[in-house]
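Okay, so here's the structure we're looking at.
The values are calculated or read from the model by the stated rules, or taken from the named source; none is laboratory data. Because the structure is a prediction, the values reported are computed rather than measured. Virtual Cβ from ideal backbone geometry, glycine too; neighbours counted across all protein chains shown.
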Amino acid sequence: MASTALQSTFSPDYFLTNHARSRMFSRAISADEIDLVISFGRVIHTRGAAIYVVGHKEVSRYQKHGVNLFRCEGVHVVCSPDGAILTVYRNNDLSALRDKARRSWH
């Protein structure tokens, strides 16, 4: 029954995998936080996945509009092309998300 309650908080385009559900609980990331990250976070397409992330810029930008994303700062939501939420984690270093092919080693 708990999975049904979790499922209802997300857009119908997304669903949690068992792995993501496990990581969500072990990392104390709520379904509401995941929903906020998907709704307001930036999307980075890399390594065959869409990674939604809320960084400091998003927290500042949406705070001006009355949306509090402070608890979501650093939360990453990794989604497959079919809408499966594969995993969730916290990491404030967004530089690791850049596509390795685009990095310049001059």
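Listed by position, the helices (runs of 4 or more DSSP H) inside the chain whose residues that are touching a Cys at 6+ places or on another chain (Cβ under 9 Å), of a type in the set (Lys, Arg) and at pLDDT 90 or above number at least 3 form an empty set. Would you check which residues across the stretch 14-38 are free of Cβ contacts under 8 Å to residues at least 24 places away in the same chain and either β-branched (Val, Ile, Thr) or surrounded by 14 or more Cβ atoms within 10 Å (Cβ to Cβ) (or both) and list them? Selection gives 21, 30.
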